[in-house]
C-alpha cells in the first residue's frame, strides 16, 4: 500500500509529523484529563449520594431499634420482634444495595438481614447467620460512633475495603435500662464494598464511546489543519531548493490571510527581487562582456594590421590614435565599474565641504568650449545664475555635472542650446540642465538611470557609451541626500534636474 505523500519518510514531512504528534498529544491529554475529572466528579457524587442514603436508613433503623428493644434485648437470642426487624433489614439492604446489620455495645453483630426466616432463626436460636457471626467491627470505629452519634468512613470489614456508615442506638427517655436514658445500647451499620458503581460504569462506557468518536474527528481535523499549516512551509522549502540552482520562477501559493500568508507573500517578494537581481546580473555580465569585447577587438585588429603590414606605414599613426582612444575608453569603463562597485558596497569615501557650485558649473562648461563652438551651441542662463554654495564632495559633484554636460553637448542639435539654472529650495539647491535636440521617450525616462541602459533607439549618437554614466550620477547624487530625475517632451528637448544640500 502506497502512503500519501505527506506521510512518506522525507525531510519535508518531518515538521508535519512533529506538529501532528504534538497537537494530537495535547488534544488527547486534554481529553483524558477532562474525562478523568468527569469520572472522578461523578464517582464522588455517587458516593456522597450513597452515603447520605445509608445515613438516612441507618438512622431510621436505629430509632426503630431504640423504640423496640431495651439493653437486655441487645443480644442475638431469638424473638419475634427481632425476626420482624431482620426482615426490615433485608428490605432496606436490598433497596440501598448494601449490607445493614445491628451490633451490641461491644460491636458484635446481633441481627442481620439473612435471619428474616423466623422458623430457621427459631431452630438456630440466633438472629445472626454464620457469615455475619465472624464479623467484628473495629473498636475505634465503635468508639467514634458512640462519641459522635454517627460515623462515616472507609474501613476494612472482614478483610474487604468498604464504605461504612454507623449510627448509635440511643435508649429513649422512657427506657427502663439500668444505665438510664439517652445512653448507647448498640449501633446500626450499613456497609457497601468499595468499587465502581453501576452509574459510574455507565458514565465510563458512554464517555469511551463519545471519546472514540471525538478523537477520530479531532485527529482528522488536526491532520487537515496541520497539513494546511505546513504546506506553505514545504512549498517554501521546495522554492528555496530551486532558487539554489538558479530557478527563480517558482512561487508559493497563498490561500489565506494569516501570518503564514504574510510569510508566503514575503517569500514571493523575495523571489521577485532575486529574479530581478539575477536578470540584472546576467544583463550586467552580457553588457560588460560586450563593452569590453568591442574596443578590444578593434585594438587587436588594428595592431595585427600594423604588425603584419596590412596597414601601410603612412596610416599607422592614424590607426594608433584610434587604438589610443579605445584604450582610454576601456580605462574609463574600468574606472566607472570600480566606482560603481565601491559606491554599492559603501566603500566610496565622501569628503564633503562648502564650495561655490556656480563656479564649478562655469569651470566645467569651459572644458567643453571646443565642442560647444563646433556645434554652434548657445549657452543660456549663465547671466542669471547667481552665486550658490553647496555642502558636497567636490570631485563627486564634478563628475555628476561633467557627465550631464557631456550628454547635453553630445545630443544637442547643430545650432541648438543648453540652458542652465539653479533654484533655491530651502535646505536644498535644485540644478537644471536642459538641452535642445531629440528628446527621450516617456517610456524610457524611468529606465535611463539603470545600469548599462542606453537609449539607443532614440539617441543613437551615444554609440560608444557603456550605459554607466547616468547610473553613477544617480548614485552620487543620492549619496549626498539629493534626488535626480529627467523630463522630456521626446521631440525637441530633454532636461535633467538634481538637488544638493545647500551650504549653511
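The values are calculated or read from the model by the stated rules, or taken from the named source; none is laboratory data. What you are looking at is a predicted structure, and each value in this text was computed from that prediction instead of being measured. Ideal geometry is used to build each Cβ from the backbone, glycine not excepted, and the neighbour counts take in all protein chains shown.
Before moving on, here are some points about what is shown:
- Any hit, segment 282-304, residues being in contact with a strand residue (DSSP E or B) (Cβ under 7 Å, 6 or more places away or on another chain), modelled with pLDDT of 85 or more and part of a helix (DSSP H, G or I): no
- Of residues in segment 158-172 being within 13 Å of residue 98 (Cα to Cα) and without any contact (Cβ under 8 Å) to a residue 40 or more places away in the chain, the one surrounded by the most Cβ atoms within 10 Å (Cβ to Cβ): 164
- Enumeration of residues in segment 73-104 that are surrounded by fewer than 15 Cβ atoms within 10 Å (Cβ to Cβ), farther than 21 Å from residue 49 by Cα and in contact (Cβ under 8 Å) with a residue 40 or more places away in the chain: 77
- Residue ranges of helices (runs of 4 or more DSSP H) in segment 305-378 with at least 3 members in contact with a helix residue (DSSP H, G or I) (Cβ under 6 Å, 6 or more places away or on another chain): 316-345
- Residue check, residue 337 assigned by TED's automatic domain parsing to the domain that holds residue 292 and under 30 Å from residue 296 (Cα atoms): yes
- Of the helices (runs of 4 or more DSSP H) lying entirely inside segment 79-158, those carrying at least 1 residues that are within 13 Å of residue 187 (Cα to Cα) and in the same structural domain as residue 48 (by TED's automatic domain parsing) are 139-148.
- Qualifying positions in segment 410-435 - over 16 Å from residue 383 (Cα atoms) and crowded, with 20+ Cβ neighbours inside 10 Å: 411, 412, 429, 435
- Failed item in (1) free of Cβ contacts under 8 Å to residues at least 12 places away in the same chain; (2) out of contact with any helix residue (DSSP H, G or I) (no Cβ under 9 Å at 6 or more places or on another chain); (3) under 23 Å from residue 503 (Cβ atoms), with residue 381 passing the rest: (1)
- Assessment of segment 391-402 against the conditions (in a loop (DSSP other than H, G, I, E, B) and either modelled with pLDDT of 85 or more or more than 24 Å from residue 286 (Cα to Cα) (or both)) yields no matching residue.
Quick grid of which residues meet (1) touching a residue at least 40 places away in the same chain (Cβ under 8 Å); (2) surrounded by 13 or more Cβ atoms within 10 Å (Cβ to Cβ):
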residue	(1), (2)
230	yes, yes
235	no, yes
239	no, yes
245	no, no
250	no, yes
255	no, no
259	no, no
264	no, yes
271	no, yes
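- Residue match in segment 363-381 (condition: outside the structural domain of residue 494 (by TED's automatic domain parsing) and modelled with pLDDT of 85 or more): no
Here's the yes/no breakdown for (1) touching a residue at least 60 places away in the same chain (Cβ under 8 Å); (2) surrounded by 12 or more Cβ atoms within 10 Å (Cβ to Cβ); (3) touching a strand residue (DSSP E or B) at 6+ places or on another chain (Cβ under 9 Å); (4) more than 23 Å from residue 112 (Cβ to Cβ):
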position	(1), (2), (3), (4)
18	no, yes, no, yes
23	yes, yes, no, yes
30	no, no, no, yes
33	no, no, no, yes
45	no, yes, no, yes
51	yes, yes, yes, no
62	yes, yes, yes, no
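- Among the numbered conditions (1) in the same structural domain as residue 430 (by TED's automatic domain parsing); (2) out of contact with any strand residue (DSSP E or B) (no Cβ under 9 Å at 6 or more places or on another chain), the only one that residue 405 does not meet is (2).
- Among the residues listed as 373, 393, the single one being exposed (fewer than 12 other Cβ atoms within 10 Å of the Cβ) and either without any contact (Cβ under 8 Å) to a residue 60 or more places away in the chain or under 17 Å from residue 475 (Cα atoms) (or both): 373
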